[in-house]
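The values are calculated or read from the model by the stated rules, or taken from the named source; none is laboratory data. Computed from a predicted model, the values in this text were never measured in an experiment. Glycine gets a Cβ as well: all are built from the backbone with ideal geometry, and neighbour counts include every protein chain shown. SASA here: full protein model, heavy atoms, side chains in, ligands and nucleic acids out. Shrake-Rupley method; radii C 1.70, N 1.55, O 1.52, S 1.80 Å.
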Amino acid sequence: MSTVGAPRVELYDTTLRDGAQRADLSYTVEDRLRILHRLDQVGFPFVEGGWPGANPRDSEFFRLATKETLEHSTLVAFGMTRRAGEAASDSQALRDLLDAGTEFVCLVGKAWDLHVTEALRTDLDEGVAMVRDSVVFLQEQGRRVFFDAEHFFDGYVSDGSFAMRVLAAAEEAGAERLVLCDTNGGMLPFDIARIVGEVKGRAGVPLGIHVHNDAGCAVANSLVAVDAGVFQVQGTINGYGERTGNADLIPIAADLMLKMGVTDALPDGAVEHLTELAHYVAEVANVAPDSHQPYAGRFAFTHKAGLHTSGVARVTRAYEHIPPETVGNRRGVVASDYGGGATVRMKAEELGLELPADAVPRVVDDLKAREAQGYAFDVADASLELLMRGASGWRQPFFEVESYRVHVEQRTAADEPLAEATVKVVTKGTRHIESAEGHGPVGALDNALRKALTNDYPELAHMSLEDYRVRVLGEQGGTGAVVRVLIDTSNGEREWTTVGVSENIIEASWEALTDAYLYGLLHPREASED
Ligand SMILES: [Zn+2]
């Protein structure tokens, strides 16, 4: 599949340091320790934990992380060179790096003449000396050093001889990797291939690559760099990072191992854990997973068009670049009016449902009718499952709604409006009437329904509404404007989506809400109560 033979590649994860630069992301120290252990379990050789001294959380992390036992990963601390005009032994930045207590450090230094003269306001000779002295000092203190040449590619284009002097100084001083960084992320694969090729012949130690995704090429740039001879690939899980992010190690690891013959980039069996890893890190970082992420996205192997899905049912290889199980993902089929009976049968199989043959046409008709009304079952698997079960004759045994009511009141203009809901439901033969307040009508209904059901179903305590989305669909079939409500619910183990459609937003929300509870009761947590 590729011209590459079987180079060895060293993966270097910086989710905890560069990944934390993402605008809407912040880890606690505990989050970081969890991610570190997961990366170690999967088998990433190097994990950069943070920038000690840059903020107290990073220093605290290293204090704790250096006491942890790791099986596969080596922890690395990241830091800057000494300042211009300062002795390395006086550098607070280097002291902080030593205080982290790791054997390996990644030192970043400027390789772009513009940054030396304009940002540091010093001359190029001093720029080179800052790198050399810092590496020498760290070595003397018993550290093993990787050197990140910041803005290397822009620097190489601007003043190649200076950029190369910086690399040579780091190498002579004892750096074990020279990592070429596209810090601004603007390079294209052709630039990377050419420049890495030129540098490769002049470096005596293994090269690395560290790229950002501003031109949309971070994964491609990392792969062409490997093709051109770099050994270490730096990136982050899910591509987290500043602006448009860093190179995403999920597709990089999969591409290397499954398509470029670098079968030892991670330990045996690790590639099957990539989907789980991507989701785990998103969960801990509290970032919504990208459903369309290559390899790991929830829809990465989901087909929509009817022609495709009947084709997939026959020969999966015809429409899939790899079998989804290879990376721990699964095949999905979007149930929609594009697909016919084949789609419905596959979807039922995916959901683990025994769908009687005579139920299939009923489901197809029902789906078509409801999608015409505005339902979106392709994003609401949980409601789809309930619909399929209903078409097979299943009746839910959990609760029966007698009525619900909600009103919103604002007493004075200065008050926050308050919603209050009352629900009447029957569970296991007992009638419950419960009222509850909430900040909005859906919150109030959720609280009241939860109160009414919790007595008989204590496991609902683990369920929480994660997201609520409303879309106005406009006029549908001669009626007034219709709204669609999607609700994401989690029980801490899995997440599911339900849908409701109505001209009335409360009714649409109630439909999605009761589906969310039903699905939660149908699929309780596996973990024992704690
Ligand atoms: Zn970076």
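Looking for something more than 16 Å from the ligand (Cβ to nearest atom), farther than 17 Å from residue 205 by Cβ, open to solvent by 10 Å² or more (accessible area, probe 1.4 Å) and modelled with pLDDT of 95 or more - is there at least one such residue anywhere in segment 105-119?
no
With respect to residue 152, is the statement that it is within 24 Å of residue 83 (Cβ to Cβ) and either without any contact (Cβ under 8 Å) to a residue 24 or more places away in the chain or more than 16 Å from the ligand (Cβ to nearest atom) (or both) true?
So residue 152 fails the test.
Scan segment 9-25 and report the pairs whose first residue is free of Cβ contacts under 8 Å to residues at least 60 places away in the same chain and assigned to a loop (DSSP other than H, G, I, E, B) and whose second residue is buried (at least 21 other Cβ atoms within 10 Å of the Cβ) and among the charged types (D, E, K, R), with Cβ atoms within less than 8 Å and a gap of 6+ or a chain change.
Note: pairs meeting the criteria are 16/32; 16/48.
Quick one: residue 395 ticks every box in (1) modelled with pLDDT of 85 or more; (2) over 15 Å from residue 522 (Cα atoms) except a single one, so which number is it?
Condition (2) is where residue 395 drops out.
Which condition number does residue 382 fail, the rest of (1) touching a Phe, Trp or Tyr at 6+ places or on another chain (Cβ under 6 Å); (2) without any contact (Cβ under 8 Å) to a residue 40 or more places away in the chain being met?
All conditions are met except number (2).
Name the single residue, out of those in segment 227-247 being among the β-branched types (Val, Ile, Thr) and crowded, with 24+ Cβ neighbours inside 10 Å, that is farthest from residue 188 (Cα to Cα).
237
Which of the residues that make up segment 252-295 are more than 30 Å from residue 465 (Cα to Cα) and either without any contact (Cβ under 8 Å) to a residue 12 or more places away in the chain or touching a Cys at 6+ places or on another chain (Cβ under 7 Å) (or both)?
Result: 268, 269.
Report whether or not residue 201 is open to solvent by 10 Å² or more (accessible area, probe 1.4 Å) and modelled with pLDDT under 95.
Considered against the rule, which asks whether it is open to solvent by 10 Å² or more (accessible area, probe 1.4 Å) and modelled with pLDDT under 95, residue 201 comes out as yes.
Would you mind telling me which numbered condition in (1) farther than 28 Å from residue 216 by Cα; (2) within 16 Å of the ligand (Cβ to nearest atom) residue 169 fails?
It fails just one condition, (2).
Does segment 364-377 contain at least one residue that is in contact with a helix residue (DSSP H, G or I) (Cβ under 6 Å, 6 or more places away or on another chain) and of a type in the set (Phe, Trp, Tyr)?
yes
Can you pull out every residue in segment 74-102 that is surrounded by fewer than 21 Cβ atoms within 10 Å (Cβ to Cβ) and under 22 Å from residue 237 (Cβ atoms)?
Correct list: 74 only.
How many of the residues in segment 228-285 are assigned to a helix (DSSP H, G or I), over 16 Å from residue 46 (Cα atoms) and within 16 Å of the ligand (Cβ to nearest atom)?
2
Is it the case that residue 396 is among the polar types (S, T, N, Q), open to solvent by 50 Å² or more (accessible area, probe 1.4 Å) and free of Cβ contacts under 8 Å to residues at least 12 places away in the same chain?
Judged against the criteria, residue 396 is not a match.
Restricting attention to segment 315-327, does a residue exist that is crowded, with 20+ Cβ neighbours inside 10 Å, touching a residue at least 40 places away in the same chain (Cβ under 8 Å) and either more than 16 Å from the ligand (Cβ to nearest atom) or assigned to a helix (DSSP H, G or I) (or both)?
Within segment 315-327, one or more residues are crowded, with 20+ Cβ neighbours inside 10 Å, touching a residue at least 40 places away in the same chain (Cβ under 8 Å) and either more than 16 Å from the ligand (Cβ to nearest atom) or assigned to a helix (DSSP H, G or I) (or both).
As an exercise: evaluate residue 492 against (1) more than 23 Å from the chain's Cα centre (by Cα); (2) within 25 Å of residue 283 (Cα to Cα); (3) not basic (Lys, Arg); (4) not in a strand (DSSP E or B) and give the number of the one condition it does not meet.
Residue 492 satisfies every listed condition except (1).
Which residue out of 257, 187 is in contact with a strand residue (DSSP E or B) (Cβ under 8 Å, 6 or more places away or on another chain) and open to solvent by 10 Å² or more (accessible area, probe 1.4 Å)?
187
Return the residue satisfying two criteria in turn: it lies in segment 120-143 and is in a helix (DSSP H, G or I) and among the charged types (D, E, K, R), and of such residues it is least open to solvent (accessible area, probe 1.4 Å).
Top of the filtered list is 126.
Let me spell it out: the conditions are (1) away from the ligand (no atom under 16 Å from the Cβ); (2) polar (S, T, N, Q); (3) touching a residue at least 60 places away in the same chain (Cβ under 8 Å), and residue 28 meets all of them except one. Which number is the exception?
Looking at each condition in turn, residue 28 falls short on (3).
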